[in-house]
Amino acid sequence: MSDISDRVKKIVVEHLGVEEDKVNENASFIDDLGADSLDTVELVMAFEEEFGIEIPDDAAETIQTFGDAVKFIQDAA
Amino acid sequence: MRRVVITGMGMVSPLACGVEQTWKRLLDGQSGIGPITRFDASRVATTYAAELPLGDGGDATFNPDDWMEPKERRKVDDFILYAMAAAMQAVEDSGWVAETDEQKERTGVMIGSGIGGLSAIADTALLIKEKGPRRVSPFFIPSALINLASGQVSIRFGFKGPNHAVVTACSTGAHAIGDASRLIKYGDADVMVAGGAESPLSEIGVAGFNAARALSTKRGDDPQSASRPWDADRDGFVMGEGAGVVVLEEYEHAKARGAKIYAEVLGYGMSGDAYHITAPAENGDGGYRSMRAALRDAGLTPADVDYINAHGTSTMADTIELGAVERLLGDAAEATTMSSTKSSVGHLLGAAGAVEAIFCVLALRDQIAPPTLNLDTPPEGTRIDLAPHKAVKRKIDVALSNSFGFGGTNASLVLGRGEV
């Protein structure tokens, strides 16, 4: 479980160039971590690649925060 | 008529990162050409090129981190990174800071590229073949589009004036400076950040120009001798990467803020060959008409031209350009110096015209014509001094820069001395 969280966090830190301690449960990619809409598309693609899953577009739209992402991937994996 | 002057310059070249460092090494007769390290060149016919000197930024090396954060770099092809570096240098050099809304709206950007994000396109095509279209990055299109150089620079500085991009192959840089000058003359802007950028050093880029039989292939044992404009033993151009950007400014605007004025854009001429997709018209008529138009725009005669920075790519076309220049100058040929700086920095394609315009500005400032390296066997019978091997100290009040591109597109800039 924490393994998934760590891997997601690593991707977010790398792609958005943010400090690790900013990436908490409720951190919104767009509002708190400086992402734009294209960044979020790329993030979702990176999650797909890392975890070998497919995240449909309508599901991707519900992933707004770091917590959303971890939860989605835990459920999907 | 509004006058246009150059108040800032920036450059990333195979000789150095920075205008003054490049210029010093150019005058010193150094070459920016060497074996290709950027990709595995074992499958292409040409194994050498003019690559940027990458490094930590010391000794005028190019350190990408100095110009764009890693996070931002993933969203741009290299030509945009180079454009950003040259633009940042030029804007800083000019001292121009657009603070008010009006100042921002009166400052525009026109940085072009010949090919744009060629590597991004090639890499993405391979990715689609391997992993399918769902893996294509959302940044693919904005990383590859040519006008995103202008777009990225405008976003960085908040320049909200005309945002435009020229795409005319190897004439791009000259057309960009000329067109941007016209925008200032016409009143669309008071300041324009203009130039060209290119990053063609990938397998697809070299293979493409090899297939067109345009590149030198025979000098793998001594790459620095490969770019030899007008020399009897030349066998094609040497491709290079980089960017050149200038800050163009309306004269009174520059004077009012006490800016240093490097040079004035006196004239700009254009023409089309209407002849062949890659070869210039054999009688050189396109280049001749381009130069003639630029002089007419400047209100000058051929005899006024002291220095010409030739297109001079180290191909068969050099002879055609030389003929066109001789036709233009007539008896004034004896008093004119012409050199090709591509002998040192290689051919930067869409960046070439901008980089070479900057060399003309520096030639005007320092009263010295940069050399044509490797010109061991000059063409017989020409009366023009082609500055073989060594820079030529001389009076230079007016300089002309030629750029000719695939498709038969020609541009000439006429520059005059500034107040530095």
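Inside the range B:22-42, residues that are closer than 23 Å to B:Ala369 by Cα, in contact with a strand residue (DSSP E or B) (Cβ under 9 Å, 6 or more places away or on another chain) and outside any loop (DSSP other than H, G, I, E, B) make up a count of 3.
Each row is one residue, and each column tells you yes or no for (1) within 14 Å of another protein chain (Cβ to nearest Cβ); (2) more than 18 Å from A:Asp6 (Cα to Cα).
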{"position": "A:Asp21", "(1), (2)": "no, no"}
{"position": "A:Phe29", "(1), (2)": "yes, no"}
{"position": "A:Gly34", "(1), (2)": "yes, yes"}
{"position": "A:Asp39", "(1), (2)": "yes, yes"}
{"position": "A:Ala46", "(1), (2)": "yes, no"}
{"position": "A:Glu54", "(1), (2)": "yes, yes"}
{"position": "A:Ile63", "(1), (2)": "no, no"}
{"position": "A:Ala77", "(1), (2)": "no, no"}
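Filtering the range A:25-40 to residues that are within 22 Å of B:Phe140 (Cα to Cα), open to solvent by 30 Å² or more (accessible area, probe 1.4 Å) and more than 10 Å from the chain's Cα centre (by Cα) leaves A:Ile30, A:Gly34, A:Asp36, A:Ser37, A:Leu38. Among residues of the range A:12-32 that are acidic (Asp, Glu), those with a Cβ under 6 angstrom from a residue that is in a helix (DSSP H, G or I), sequence gap 6+ or separate chain, pair up as A:Glu20/A:Val13; A:Glu25/A:Gly67. Apart from one condition, A:Glu25 fits all of (1) touching a helix residue (DSSP H, G or I) at 6+ places or on another chain (Cβ under 6 Å); (2) at positive phi; the exception is (2). Number of residues in the range B:300-328 that are small (Gly, Ala, Ser) and open to solvent by 10 Å² or more (accessible area, probe 1.4 Å) equals 3. Could you list all residues from the range B:1-55 that are surrounded by fewer than 24 Cβ atoms within 10 Å (Cβ to Cβ), among the hydroxyl-bearing types (Ser, Thr, Tyr) and more than 21 Å from the chain's Cα centre (by Cα)? Selection gives B:Thr37, B:Ser42, B:Thr47. In this structure, B:Leu349 qualifies as at pLDDT 95 or above and within 23 Å of B:Ile111 (Cα to Cα).
The requirement of being of a type in the set (D, E, K, R) and within 30 Å of B:Ala259 (Cα to Cα) is fulfilled somewhere in the range B:41-62, by at least one residue.
Among the residues of the range A:17-24, some residue qualifies, meaning at least one is within 15 Å of B:Phe139 (Cβ to Cβ) and surrounded by 14 or more Cβ atoms within 10 Å (Cβ to Cβ). The lone criterion from (1) of a type in the set (Phe, Trp, Tyr); (2) farther than 22 Å from B:Leu215 by Cβ; (3) surrounded by fewer than 20 Cβ atoms within 10 Å (Cβ to Cβ) left unmet by B:Phe406 is number (2). In this entry, B:Ala357 is excluded by the filter for residues that are more than 26 Å from B:Gly34 (Cα to Cα) and crowded, with 24+ Cβ neighbours inside 10 Å.
Per-residue answers, yes or no, for (1) free of Cβ contacts under 8 Å to residues at least 12 places away in the same chain; (2) open to solvent by 10 Å² or more (accessible area, probe 1.4 Å):
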site: B:Ile368; (1), (2): no, yes
site: B:Pro371; (1), (2): no, no
site: B:Thr377; (1), (2): no, yes
site: B:Gly381; (1), (2): yes, yes
site: B:His389; (1), (2): no, yes
site: B:Val392; (1), (2): no, yes
site: B:Asp397; (1), (2): no, yes
site: B:Ser401; (1), (2): no, no
site: B:Leu413; (1), (2): no, no
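How many of the residues in the range B:27-74 are of a type in the set (A, V, I, L, M) and either assigned by the TED database to the domain that holds B:Thr372 or within 27 Å of B:Leu364 (Cα to Cα) (or both)? Residues in the range B:27-74 being of a type in the set (A, V, I, L, M) and either assigned by the TED database to the domain that holds B:Thr372 or within 27 Å of B:Leu364 (Cα to Cα) (or both): 5 in total. Residues that are more than 23 Å from B:Gln224 (Cα to Cα), assigned to a loop (DSSP other than H, G, I, E, B) and more than 14 Å from chain A (Cβ to nearest Cβ) within the range B:58-100 comprise B:Asn63, B:Trp67, B:Asp77, B:Gly95, B:Trp96, B:Val97, B:Ala98, B:Glu99, B:Thr100, listed in sequence order.
The helices (runs of 4 or more DSSP H) falling completely within the range B:106-196 that include 2 or more residues that are free of Cβ contacts under 8 Å to residues at least 60 places away in the same chain, within 14 Å of chain A (Cβ to nearest Cβ) and of a type in the set (A, V, I, L, M, F, W, C) map to B:118-131, B:140-144. Is it true that B:Leu328 is in the same structural domain as B:Phe404 (by the TED database), within 23 Å of B:Leu362 (Cα to Cα) and not β-branched (Val, Ile, Thr)? No; evaluated as a whole, the condition is false for this residue. Collect the residues in the range B:249-284 that are assigned to a helix (DSSP H, G or I), of a type outside the set (Gly, Ala, Ser) and either open to solvent by 40 Å² or more (accessible area, probe 1.4 Å) or modelled with pLDDT under 95 (or both), keeping them in residue-number order. Within the range B:249-284, B:Glu252, B:His253, B:Lys255 meet the criteria.
The values are calculated or read from the model by the stated rules, or taken from the named source; none is laboratory data. Since the structure is predicted, the reported quantities are computational estimates derived from the model, not experimental observations. When we count neighbours, we look across all protein chains shown, and the Cβ atoms used for this are built from the backbone with ideal geometry, even at glycine. SASA here: full protein model, heavy atoms, side chains in, ligands and nucleic acids out. Shrake-Rupley method; radii C 1.70, N 1.55, O 1.52, S 1.80 Å.
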